[in-house]
1. Read through the list (1) in contact with an Asp or Glu (Cβ under 8 Å, 6 or more places away or on another chain); (2) in contact (Cβ under 8 Å) with a residue 24 or more places away in the chain; (3) of a type in the set (Asp, Glu), then give the number of the only condition that B:GLU36 fails.
2. Restricting attention to region A:39-59, and to residues there that are touching a residue at least 60 places away in the same chain (Cβ under 8 Å) and of a type in the set (A, V, I, L, M, F, W, C), which single residue is farthest from B:ILE62 (Cα to Cα)?
3. Where in region A:107-161 are there helices (runs of 4 or more DSSP H), lying wholly inside it, with at least 3 residues that are open to solvent by 30 Å² or more (accessible area, probe 1.4 Å) and farther than 28 Å from A:HIS85 by Cβ?
4. Identify, please: which residue in region B:131-164 is in contact with a Gly (Cβ under 9 Å, 6 or more places away or on another chain) and among the small types (Gly, Ala, Ser) and is, among those, farthest from the other protein chains (Cβ to nearest Cβ)?
5. How many of the residues making up region B:44-59 are facing another protein chain (nearest Cβ under 7 Å) and of a type in the set (Gly, Ala, Ser)?
6. Looking at A:VAL75, is it more than 20 Å from B:ILE66 (Cβ to Cβ), in contact with an Asp or Glu (Cβ under 7 Å, 6 or more places away or on another chain) and open to solvent by 20 Å² or more (accessible area, probe 1.4 Å)?
2 protein chains.
Amino acid sequence: MTQDARLTAQFAFLNEADRLKSVLRATTLCDGSRRENSGEHSWHLALYAMVLADQSAPGVNIDRVIRMLLIHDLVEIDVGDVPIHSENGQAHASEATVKAEQAAAARIFGLLPPDQAASFRALWDEFEAAGTPDAIFAKSLDRVQPVMANLQSGGGTWITYNVTADQLETRVGSKIARGAPRLWDWVKAQTTAFFR
Amino acid sequence: MTQDARLTAQFAFLNEADRLKSVLRATTLCDGSRRENSGEHSWHLALYAMVLADQSAPGVNIDRVIRMLLIHDLVEIDVGDVPIHSENGQAHASEATVKAEQAAAARIFGLLPPDQAASFRALWDEFEAAGTPDAIFAKSLDRVQPVMANLQSGGGTWITYNVTADQLETRVGSKIARGAPRLWDWVKAQTTAFFR
């Protein structure tokens, strides 16, 4: 691959990635003014990782977590965002969603030069599998940020989907606590007034 | 500072950062559908750094570049985006803008716990000063991304501000070339059809 062909492939990927800014999530901005898109969500999460690094387990590599979070939602360009609380919490990791996201990953990361296609895909697979300390912490942050948005905006998707405190614990809290137990203790305390 | 007070400060910062998603830039999305905001722009730039790492000078630390790009525009929460081609290219680094951005940095990074307030501010100062290899490469990427958006959307801010090929070279190309000379050669070649 010539250097020019490499740049052509890299920009095919970077231009395609722009479309993530048009994928809307169920969550709104903190001021409730509009729905958040998955591009700005990915930025906010990477900032979460920078700021909340000291909540991670020993051995977590925050720079890898940041890279994971920057690419974690790119498959939504093809699949869209599947809200965690939608369809009574059943749609998010359904077999159909997983299969569609795998195809999207093949297409989108496949735009990159072969070496980067492989390394980006491996990082995304690691995030999805949630089996390494880095991925577990990244998943925790991905669950915390919508909680904070809902708290700021007065309920957000908890109202949309009639979420109970128990459902929040099962679908969200358990995932946050797995990678950042002290963080969930603190966040949960902020939510008690809403779910009282 | 107790651990709870630390988290309270960290989330004061992270919630305030959400407002960057409402700061609009002059540039549109690649599909021209709407103006880009500075939050999603920051995400896209961090992805640029991941993908275009091999265009950086020897010794550049891409993870530091990514962190720099994640926080580089936060001051716009108070100051707004100052388009590079506005006021005939004079407004961007004017004394008034620089002064306002310094005050914004003090306020916004000052929301963090003291150790992070200092380290985030130092990283932002380094970006602004554009004197280190990491900052110089970060600045290059910050100039490349709007060029690609304009190319995709059919002219974008080049039309808005009647930009000539010479002005693009002076205001944009020289900054890109400083940190990534081969990258500017390639990007410039893409722009020749538009400026013909």
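The values are calculated or read from the model by the stated rules, or taken from the named source; none is laboratory data. This structure is a prediction, so every number in the text was calculated from the model and none was measured. Because the Cβ atoms are built from the backbone with ideal geometry, glycine has one as well, and the counts that use them run over all protein chains shown. SASA here: full protein model, heavy atoms, side chains in, ligands and nucleic acids out. Shrake-Rupley method; radii C 1.70, N 1.55, O 1.52, S 1.80 Å.
1. Among (1) in contact with an Asp or Glu (Cβ under 8 Å, 6 or more places away or on another chain); (2) in contact (Cβ under 8 Å) with a residue 24 or more places away in the chain; (3) of a type in the set (Asp, Glu), the lone unmet condition for B:GLU36 is (1).
2. At the first step, the residues of region A:39-59 found to be touching a residue at least 60 places away in the same chain (Cβ under 8 Å) are A:41, A:44-45, A:48-49, A:52, A:55-57, A:59.
Now drop any that are not of a type in the set (A, V, I, L, M, F, W, C), which leaves A:45, A:49, A:52, A:57.
Numbers: A:LEU45: 18, A:ALA49: 16, A:LEU52: 20, A:ALA57: 23 Å.
Of everything passing the filter in region A:39-59, A:ALA57 is farthest from B:ILE62 (Cα to Cα).
3. Values: elements: A:114-129, A:133-153, A:157-160.
Because the criterion is at least 3 residues that are open to solvent by 30 Å² or more (accessible area, probe 1.4 Å) and farther than 28 Å from A:HIS85 by Cβ, the helices (runs of 4 or more DSSP H) in region A:107-161 that meet it are A:114-129.
4. Among them, the one singled out is B:ALA135.
5. As a first pass, look at region B:44-59 and keep what is facing another protein chain (nearest Cβ under 7 Å): B:44, B:46-48, B:50-52.
After this cut, where a residue has to be of a type in the set (Gly, Ala, Ser) as well, the list is B:46.
So the answer is 1.
6. Values: more than 20 Å from B:ILE66 (Cβ to Cβ): yes; in contact with an Asp or Glu (Cβ under 7 Å, 6 or more places away or on another chain): yes; open to solvent by 20 Å² or more (accessible area, probe 1.4 Å): no.
It is false that A:VAL75 is more than 20 Å from B:ILE66 (Cβ to Cβ), in contact with an Asp or Glu (Cβ under 7 Å, 6 or more places away or on another chain) and open to solvent by 20 Å² or more (accessible area, probe 1.4 Å).
Yes/no matrix, rows are residues, columns are (1) modelled with pLDDT under 95; (2) open to solvent by less than 30 Å² (accessible area, probe 1.4 Å); (3) part of a helix (DSSP H, G or I):
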position	(1), (2), (3)
A:THR27	no, yes, no
A:ASP63	no, no, yes
A:LEU69	no, yes, yes
A:ASP81	yes, no, no
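Residues checked against (1) more than 9 Å from chain A (Cβ to nearest Cβ); (2) within 23 Å of A:ARG67 (Cα to Cα); (3) surrounded by fewer than 22 Cβ atoms within 10 Å (Cβ to Cβ); (4) not β-branched (Val, Ile, Thr):
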{"residue": "B:ALA17", "(1), (2), (3), (4)": "no, yes, no, yes"}
{"residue": "B:SER33", "(1), (2), (3), (4)": "no, no, yes, yes"}
{"residue": "B:SER42", "(1), (2), (3), (4)": "no, yes, no, yes"}
{"residue": "B:GLU87", "(1), (2), (3), (4)": "yes, no, yes, yes"}
{"residue": "B:GLN90", "(1), (2), (3), (4)": "yes, no, yes, yes"}
{"residue": "B:ALA105", "(1), (2), (3), (4)": "yes, no, yes, yes"}
